[in-house]
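Here's the structure, in C-alpha cells; my notes come after.
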2 protein chains.
Amino acid sequence: MAQKPGIPKGTRDFSPAEIAKRTYIFDIIKKQFKLFGFQPIETPSFENSETLMGKYGEEGDRLIFKILNSGDYLSKISDEMYDSKDSTKIATHISEKALRYDLTVPFARYVVMHQNDITFPFKRYQIQPVWRADRPQKGRFREFFQCDADVVGSQSLWQEVEFIQLYDAVFKELGLQGVTVKMNNRKILSGLAEVIGAQDKLIDFTVALDKLDKIGAEGVKNEMLSKGISEEAIEKVQPLFSFTGDNSEKLGKLKLMLADSSIGMQGIQELEFIVSAIDTLGLLQASLEIDVTLARGLNYYTGAIFEVAAPKNVAMGSIGGGGRYDDLTGIFGLKDVSGVGISFGLDRIYLVLEELGLFPENVNENIEVLCINFGEVEAMASMKMVTSLRALGIRAELYPDTAKMKKQMSYADRKGIPMVLMIGENEINENTFVLKKMIDGSQNTYEISDLSKVFGK
Amino acid sequence: MAQKPGIPKGTRDFSPAEIAKRTYIFDIIKKQFKLFGFQPIETPSFENSETLMGKYGEEGDRLIFKILNSGDYLSKISDEMYDSKDSTKIATHISEKALRYDLTVPFARYVVMHQNDITFPFKRYQIQPVWRADRPQKGRFREFFQCDADVVGSQSLWQEVEFIQLYDAVFKELGLQGVTVKMNNRKILSGLAEVIGAQDKLIDFTVALDKLDKIGAEGVKNEMLSKGISEEAIEKVQPLFSFTGDNSEKLGKLKLMLADSSIGMQGIQELEFIVSAIDTLGLLQASLEIDVTLARGLNYYTGAIFEVAAPKNVAMGSIGGGGRYDDLTGIFGLKDVSGVGISFGLDRIYLVLEELGLFPENVNENIEVLCINFGEVEAMASMKMVTSLRALGIRAELYPDTAKMKKQMSYADRKGIPMVLMIGENEINENTFVLKKMIDGSQNTYEISDLSKVFGK
C-alpha cells in the first residue's frame, strides 16, 4: 500500500518559482553584505546540546529540536533514571545534539573556537536555516532561514551607522519605498528606569508605552499605574506621552528627562552620534526614527536597538532588527568582545514584495528556447542547436520524446518558455531552423550559420 | 565556568575562504543546471519518519538521524512497551521526524505531492545538506551537501546524452581536464547474469571483475570460482577479462557475449544510442567510457549507470554518479514515472580543485579598499568615500576605530585587502585622498571628484 505523502507541520517545500524569488532577495542581501565588507561563514545544522541549552531561556530550551542518539541509546540510562519516566531529564541522556535555534549562539561559538584564525574586528554574515518547535501559524514556521550580519571586536559606533546604511541599501535595491529604521538604545531605557525609580518595571513600562497609538495617553498611564508604577514616576517622563517631532526634537526631550541619569545621557550621546552621521551621509530611501518604545531583546542588547518597519501601506510587522550586545562570546570563555548585528526577516520581506508586486518579471530563470522533437534524425539536428545555444549562454532544451506537436507546444506554453525552435526534414536539407515566438505565434526561418546573430550573441 | 566550545563529530564550520571556494563550485554547477533547463526546488530538512524509513535498507534506517518529539514524549508510551527498554521499538514512538538522508526520496515525495502543479517531464535540481549517522572518517561527514539533477516523466535516452554533456560542461568550466564519464547499463549486467546463469551472484561477479586491474585475470577468476560461479560460466564471458579498446570495440565484444540475452541486447542498444549521439555531438573536454564493472546502486538503477572518475593524476574516487531508475515515485503512489539523474560530489570536487590549484585567485570576494580611521572628523570624510565606493560597486570599509596606523595597516595586510585609502587633515583641506597599493607600497594622491575615474567606473 503506497504511503500518502506529506511533510511535517511548520515546514515547507519550495517550488522553482518560489526559489527564484527567494534567491532574488538573498542575492541582493548578499551583494550588499559583501559591499559592506561582511564575509560568509557557515556552521553545522546541529550543535552539541550543551552549546545551545540554557542560552535562550526556559521557553527556548523547550523549543529546541533534539536529535536522538544513534544505536542502543536507552542502554546507557540507569534503571533509576529510566523508572522516573521523566521526559526532560531523560532527554539529556538520550540526545547529545540539537538543531540550530538561531545563528547568534553558533556564531559566538565559532568566534571563540576560531579566535586564532580570525582578524578582529570580524565582520561576518550567515544565511542558514534554523529550527524551532514553535506552534506553527500563519507566517511562523518550524524551519526558516535567518539572514544575519554581525561585527565583533570593536565598540565603534560607526558600525551602527553602517548597519543603518546597509538596511537602506538593501531595501533600496529591492525597490521597497517607505521603510523606517527605528532605533533606540538600551542605555536610554535604563536611564528611564532610573528616573522612574523602577528598574524592575522596565518591561511593563515599555510595553505600556508602546500602546500609546492605540489606547492614548490616559490609557497608557492607567496601565502603568495598574502595574505599580507611581504617579510621581509617570509625571517625570511626561514628555514621552507626546513624543513627536523629528529626531533632534526627540533627543532634546530625552535630554531634559534624563539629565540626572549618567547612563541615560550616555545613551543620548550614542544616539546623537549616529543620527548626526546619518544626517551628514544621507540615506538613499529609508528614514531613521528614534523610537523609545523599542525594547526587543531587552535582556540581550546593551547599546543600540534596531527594528525595521515595513512601509505603512502594508500590514506587516518588523522586517528586520538587531542591536549591540556586549560580551556575546563570554559564555564560551572569550571575554570583553563587543558585538553588534542585524538580521533580515526573509519570509516577511518576501510577503511584502509579493503584496506590492515588486519582484521583477524575469526573476524566474526559465528555459528560453524549447527545441521541438520531430523524430530521431530531426532530434539529433535539434540537439546540435541546443548544444550551441547553451554554449552561447542561452537556456535551451530538446523536448525529450517524439510526442505530438500539440503536446510539445502545450509543454512550452505551460512552462512559459518564450521561444520554440523547429527543425524538420526541410530545415535539415536547407540548413535552416524555424523560430517561433510564443507570445504572438509569429515565426521566421533562419540560416543555421546565423544562430548566434539571431540570438544577439 | 565557561564552556569549552566544540562541534559534533563529523560536522564542519566553514570559514569565509572555504565558503568562497564552495560557492565558486556551486555557482558553476547551478549555472550549467539552468542552461540545461533544470529548475531548483528545496524540501524541508526533516521529513516525517515514515517518508524516509525503509527506503534505504536496514543499514540506512540505522544511519538516519531521528528527531526527538517535543513535550512529554515518554507519556504516550505504554508501560509494557516502556518496560521492554527496546531502543529501536521505542524510537518509533518518541520520534516522528527524521533528518533528510538524501535528496532522491524527498524529491520522489515532492513529485507525488505536487504532481498536479508540475509540467512533466520535470527537470529539477536540488542542492541541500543531508545527514547520516555514519562513522566519520577522512572525507566522510555526518553533514554534507548533495547536488542532484534529475528528470522524471520521460524514458527518452536523450536525457542520458544530456547528462553526459552536463558533466562535461561543468568540469570544463571548472578547468578540470582528464575527467572520465564511465557508463554502464543495468540491462547489460542482467544480461551477463543471464549468460552466466547466476543472477543471484551478480554482485559477487561485478565486485570480482572490478579488481581486474589490481589482481589480474587469474586472480579475478579464482575469486569468482571461490564465490561459486562455475568455470563454464566464466568461460562464456571470457572477453570481459581483456575488455579493452574504444567504446565501439567494447560494444562489439558485448554483442558476441550477450547475443542470446534479449535484456542484454536491449542494454547494448541503449549504450549504442548514447555513445553514437555523444560521438556526433562531441564533448568539450571529458571522455566517455563504457565500463561493465560499474554496478553502483545496483538495486536501484534499472537502465543507465554513470560514474565520473577524477583525472588519473589525482588519487580520488568518483566525483559524481547517477543513473536511470524506473518507478521512483511508486512508493508514494504515483506509478510508471521513469526518472534519470546525476549528482556531483561537492566535497571531493573541492579537494581535487584544491590539489590541482584550480581555484581562481580572486575567488575570495574580499574587501577591496580599507579606509584608514585617523579620528572623528577624518573618519566622517572617509565614511563619505566608503559610501561612494560602495555605490560604485566596490567592496569598501572604514576601519571602525581610531587605532594606531600600524594596527590598521596590519589589519589590511592580514585580511589581504589590496588597497588602503587615507584621508587626513591635509587631504580634507585639499579635497583629496591618498591611495596606497599594499602589494608594493606605492601611493598616489587624487582629487576626490576623480574617485570614480580612479577606480575605473
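The values are calculated or read from the model by the stated rules, or taken from the named source; none is laboratory data. Here the structure is a predicted model, which is why all the values come from computation and not from measurement. With ideal geometry, Cβ positions are generated from the backbone for all residues, glycine too; neighbour counts draw on all protein chains shown.
Yes or no, residue by residue, for (1) under 21 Å from residue A:289 (Cβ atoms); (2) exposed (fewer than 14 other Cβ atoms within 10 Å of the Cβ):
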position	(1), (2)
A:209	yes, no
A:220	yes, no
A:227	no, no
A:232	no, yes
A:241	yes, no
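What tally of residues in region A:174-200 results from selecting those that are aliphatic (A, V, I, L, M), assigned to a helix (DSSP H, G or I) and buried (at least 21 other Cβ atoms within 10 Å of the Cβ)?
Here the count works out to 5.
Being surrounded by fewer than 19 Cβ atoms within 10 Å (Cβ to Cβ), assigned to a helix (DSSP H, G or I) and more than 8 Å from every other protein chain (Cβ to nearest Cβ) narrows it down to one of B:54, B:60, so name that one.
From the options B:54, B:60, the qualifying one is B:60.
Looking at region B:137-147, which of its residues are at pLDDT 95 or above and either more than 11 Å from chain A (Cβ to nearest Cβ) or outside any loop (DSSP other than H, G, I, E, B) (or both)?
B:143, B:144, B:145, B:146, B:147 - these are the residues of region B:137-147 that are at pLDDT 95 or above and either more than 11 Å from chain A (Cβ to nearest Cβ) or outside any loop (DSSP other than H, G, I, E, B) (or both).
Hey, among B:163, B:107, B:171, which residue is more than 9 Å from chain A (Cβ to nearest Cβ), farther than 27 Å from residue B:284 by Cβ and crowded, with 19+ Cβ neighbours inside 10 Å?
Going through B:163, B:107, B:171 in turn, the sole match is B:107.
So which pairs qualify, if the first residue must be in region A:71-93 and at the interface with another protein chain (Cβ under 7 Å from one of its Cβ atoms), the second must be acidic (Asp, Glu), the Cβ gap must be under 6 Å, and the two must be at least 6 apart or on different chains?
From region A:71-93, the pairs are A:87/B:72.
Within the group B:134, B:150, which residue is in a strand (DSSP E or B) and either touching a residue at least 12 places away in the same chain (Cβ under 8 Å) or crowded, with 19+ Cβ neighbours inside 10 Å (or both)?
Going through B:134, B:150 in turn, just one is in a strand (DSSP E or B) and either touching a residue at least 12 places away in the same chain (Cβ under 8 Å) or crowded, with 19+ Cβ neighbours inside 10 Å (or both): B:150.
Can you tell me which of B:4, B:31 is more than 8 Å from chain A (Cβ to nearest Cβ) and surrounded by fewer than 17 Cβ atoms within 10 Å (Cβ to Cβ)?
Sole residue among the options that is more than 8 Å from chain A (Cβ to nearest Cβ) and surrounded by fewer than 17 Cβ atoms within 10 Å (Cβ to Cβ): B:31.
Could you grab me the full set of residues in region A:361-402 that are buried (at least 18 other Cβ atoms within 10 Å of the Cβ), in contact (Cβ under 8 Å) with a residue 40 or more places away in the chain, outside any strand (DSSP E or B) and more than 38 Å from the chain's Cα centre (by Cα)?
A:372, A:374, A:378, A:381, A:382, A:385
Can residue A:129 be described as crowded, with 18+ Cβ neighbours inside 10 Å and touching a residue at least 24 places away in the same chain (Cβ under 8 Å)?
When the stated conditions are applied, residue A:129 passes them.
Kindly provide the set of residues from region A:406-422 that are more than 14 Å from chain B (Cβ to nearest Cβ) and either β-branched (Val, Ile, Thr) or surrounded by 12 or more Cβ atoms within 10 Å (Cβ to Cβ) (or both), ordered by number.
A:422 - this is the single residue of region A:406-422 that is more than 14 Å from chain B (Cβ to nearest Cβ) and either β-branched (Val, Ile, Thr) or surrounded by 12 or more Cβ atoms within 10 Å (Cβ to Cβ) (or both).
State which residue is farthest from the other protein chains (Cβ to nearest Cβ) when the search covers only region A:94-104 and only residues that are without any contact (Cβ under 8 Å) to a residue 60 or more places away in the chain and either over 17 Å from residue B:67 (Cβ atoms) or of a type in the set (A, V, I, L, M, F, W, C) (or both).
Top of the filtered list is A:102.
So residue A:333 fits all but one of (1) of a type in the set (Gly, Ala, Ser); (2) closer than 30 Å to residue A:53 by Cβ; (3) out of contact with any Lys or Arg (no Cβ under 9 Å at 6 or more places or on another chain); (4) at the interface with another protein chain (Cβ under 8 Å from one of its Cβ atoms); what number is the exception?
Here residue A:333 meets the rest and fails (3).
For the condition within 25 Å of residue B:14 (Cα to Cα) and aliphatic (A, V, I, L, M), what is the one hit in B:157, B:99?
Result: B:99 is the single residue among B:157, B:99 that is within 25 Å of residue B:14 (Cα to Cα) and aliphatic (A, V, I, L, M).
State whether the residues of region A:57-64 include one that is in contact with a strand residue (DSSP E or B) (Cβ under 7 Å, 6 or more places away or on another chain) and of a type outside the set (Asp, Glu).
Scanning region A:57-64 turns up at least one residue that is in contact with a strand residue (DSSP E or B) (Cβ under 7 Å, 6 or more places away or on another chain) and of a type outside the set (Asp, Glu).
With the requirement that a residue be at the interface with chain A (Cβ under 8 Å from one of its Cβ atoms) and in contact with a strand residue (DSSP E or B) (Cβ under 7 Å, 6 or more places away or on another chain), what does region B:379-398 give you?
B:379, B:383, B:390, B:394, B:396, B:397, B:398, listed by residue number.
What do you reckon, is residue B:112 among the aliphatic types (A, V, I, L, M) and touching a Pro at 6+ places or on another chain (Cβ under 7 Å)?
Against the criterion (among the aliphatic types (A, V, I, L, M) and touching a Pro at 6+ places or on another chain (Cβ under 7 Å)), residue B:112 qualifies.
Show the residue pairs that are 6+ apart or on different chains and have beta-carbon atoms under 6 Å apart, the first residue being within region B:416-443 and touching a residue at least 40 places away in the same chain (Cβ under 8 Å), the second being in a loop (DSSP other than H, G, I, E, B) and surrounded by fewer than 17 Cβ atoms within 10 Å (Cβ to Cβ).
B:418/B:438
In region A:403-439, which residue that is among the small types (Gly, Ala, Ser) and in a loop (DSSP other than H, G, I, E, B) is nearest to residue A:381 (Cα to Cα)?
That would be A:424.
Being among the polar types (S, T, N, Q), part of a helix (DSSP H, G or I) and under 32 Å from the mean Cα position of the chain (by Cα), is that true of even one residue in region B:244-255?
Checked region B:244-255: at least one residue is among the polar types (S, T, N, Q), part of a helix (DSSP H, G or I) and under 32 Å from the mean Cα position of the chain (by Cα).
Of everything in region B:149-160 that's within 20 Å of residue B:335 (Cα to Cα) and under 18 Å from the mean Cα position of the chain (by Cα), which residue is nearest to the other protein chains (Cβ to nearest Cβ)?
The qualifying residue nearest to the other protein chains (Cβ to nearest Cβ) is B:151.
So residue B:203 ticks every box in (1) in a helix (DSSP H, G or I); (2) in contact with a helix residue (DSSP H, G or I) (Cβ under 9 Å, 6 or more places away or on another chain); (3) of a type outside the set (Asp, Glu) but one. Which box is left unticked?
(2)
Could you check residue A:339 against (1) away from chain B (no Cβ under 13 Å); (2) within 30 Å of residue A:179 (Cα to Cα); (3) not hydrophobic (A, V, I, L, M, F, W, C) and say which number it fails?
That leaves (1) as the condition not met.
Is region B:10-18 home to any residue that is touching a residue at least 24 places away in the same chain (Cβ under 8 Å), crowded, with 19+ Cβ neighbours inside 10 Å and within 8 Å of chain A (Cβ to nearest Cβ)?
Within region B:10-18, one or more residues are touching a residue at least 24 places away in the same chain (Cβ under 8 Å), crowded, with 19+ Cβ neighbours inside 10 Å and within 8 Å of chain A (Cβ to nearest Cβ).
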